[in-house]
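Asker: Encoded as structure tokens, here's the structure I'll be asking about.
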Amino acid sequence: MKKFITVLLAAATVFAFSACGTKTATKDTKTTDDKKAATSYDNLAVATELTSEEYGIGFRKGSDLTGELNKLIDEFTADGTLKTLADKYNLVLAESKDEETTAATVNDLDYIKANGKLVIGITDYEPMNYRDKNGEWTGFDTEFAQKVCEKLGVKAEFVEIDWDNKFLALESKAIDCVWNGMTISEDVLNNTSCTKAYLRNAQVVVMAKDKVSKYKTADDMKDLSFAVEAGSAGAEAAQENGFENVVEVGAQTDALLETVSGSSDACIIDLTMANAMLGNK
């Protein structure tokens, strides 16, 4: 009888733990991505433009891939490939410029060919790199990178990174390049071998539509609270404009969520993302 009761108690215990586990799993199934997808940004609008800038692709210092990419940027500009992609994603190409490429000291071209792939550091950033309804990476930079990799004879492998630690990931060879709508800044030029510009962009302030008319200039916004992506051009713009009440978050989409929820008065993000997320086609 005791043995029978013991078996019953053991079975009940297993059932209880199983039930608790099932309940917890169900409770946690809604991911951050689900919440972002379910969020509406209809009440947000661009208030003002803080900076005008351009995008480039960052490789390791001294990498010979920078020169290869500059040649392909010129080739894809001349044959209309980049214009077609820009039109598809409602973007504006940078003006074509002849730039001298620093002499290469690192043979990354042979390195990626030996590995059979180019490991590309990205964040989830529409319209540059983001997942489609099937969970596959798409976007301007995604398609551009895939076309480049076809030319180089390697596979494009996309890896999500912590944007604030992008240079460390690059130097440690966790990734081979940063290719994710990266603003060409002094910081980028000091820490990477950066390509010529291929797209135009700006840093913009996004806030609730009903507040936009009150804040025309950066000086009007000094007392507002801002959300910015850590290590981004938006964070630099906040500092350059003397904004003191600033919270740094993990991604530009998080900055938008901070604003739409009212946790911050406004956010500073790329114009390219603002157009995509706010429906400014």
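Asker: Of the candidates 97, 83, 166, which one comes out as most mobile in a Gaussian network treatment of the chain with C-alpha springs shorter than 10 Å?
Answerer: Of the options given, 97 has the highest mean-square fluctuation.
Asker: Calculate, for residue 88 and residue 115, the FRET efficiency according to 1/(1 + (r/R0)^6) with r their C-beta to C-beta distance and R0 25 Å; round to the nearest 0.05. Walk me through the numbers before you get to the answer.
Answerer: On the way: r = 30 Å, r/R0 = 1.19.
Between residue 88 and residue 115 the formula returns 0.25.
Asker: Stick to Cα atoms and the Kirkwood definition of Rh, then tell me Rg/Rh for the chain. Don't jump to the answer; show the numbers that get you there.
Answerer: Numbers: Rg = 23.0 Å, Rh = 20.8 Å.
Radius of gyration relative to Kirkwood radius: 1.11.
Asker: What is the spin-label model distance, in nm, from residue 52 to residue 107 if the labels are put 7 Å beyond Cα along the C-beta direction?
Answerer: About 4.3 nm, to one decimal.
Asker: When a footprinting reagent is the concern and you count Cβ atoms within 10 Å, what order do 244, 236 take, fewest first? Walk me through the intermediate numbers first.
Answerer: On the way: 244 11, 236 20.
By the 10 Å Cβ count, ascending: 244, 236.
Asker: Of 221, 128, 207, which has the largest mean-square fluctuation in a 10 Å C-alpha GNM of the chain?
Answerer: 221
Asker: Multiply the residue gap between residue 208 and residue 134 by 0.36 nm, knock off their C-alpha separation, and tell me the result in nm, one decimal place.
Answerer: Details: separation 74, 0.36 × 74 = 26.64 nm, distance 3.14 nm.
Working it through step by step, the gained length comes to 23.5 nm.
Asker: Can you list the aspartates and glutamates whose alpha carbon sits under 17 Å from that of residue 155, skipping same-chain ones fewer than 8 residues off?
Answerer: 68, 108, 110, 136, 141, 143, 176
Asker: Another one. How about the range 71-100: which GluC sites (Glu not before Pro) there are in a DSSP loop, with at most 16 other Cβ atoms within 10 Å of their Cβ?
Answerer: Counting only loop positions with at most 16 other Cβ atoms within 10 Å, the GluC sites (Glu not before Pro) in the range 71-100 are 95, 99, 100.
Asker: On full extension of the chain, what length is gained from residue 79 through residue 164, given 0.36 nm per residue of separation minus the C-alpha to C-alpha distance? Show your work: numbers first, answer last.
Answerer: On the way: separation 85, 0.36 × 85 = 30.60 nm, distance 3.51 nm.
27.1 nm is the gain from fully extending residue 79 to residue 164.
Asker: Given the -39500 (n - 2.57) contribution per DSSP H run of 4+ residues, what per-residue ellipticity at 222 nm results for the chain, rounded to the nearest 500 deg cm²/dmol?
Answerer: Numbers: 11 runs with 113 residues, N = 281.
For the chain, the value works out to -12000 deg cm²/dmol.
Asker: Let me ask another. Kindly put 206, 212, 92 in sequence by how many other C-beta atoms sit within 10 Å of each C-beta, fewest to most.
Answerer: Numbers: 206 27, 212 17, 92 12.
Taking fewest neighbouring Cβ atoms as first place, the list is 92, 212, 206.
Asker: Net charge within 13 Å of residue 46 by Cβ-Cβ distance, Lys/Arg positive one each and Asp/Glu negative one each, not counting residue 46 itself? Write down the numbers at each step before the final one.
Answerer: Numbers: positive: 209, 211, 216; negative: 49, 270.
Around residue 46, the surrounding residues sum to +1.
Where a number appears in this text, it was derived from the coordinates with a stated rule and is not lab data. Owing to the predicted nature of the structure, the values given are computational and were not obtained by experimental measurement. As a convention, Cβ positions derive from the backbone with ideal geometry for all residues, glycine included, and neighbour counts pool all protein chains shown.
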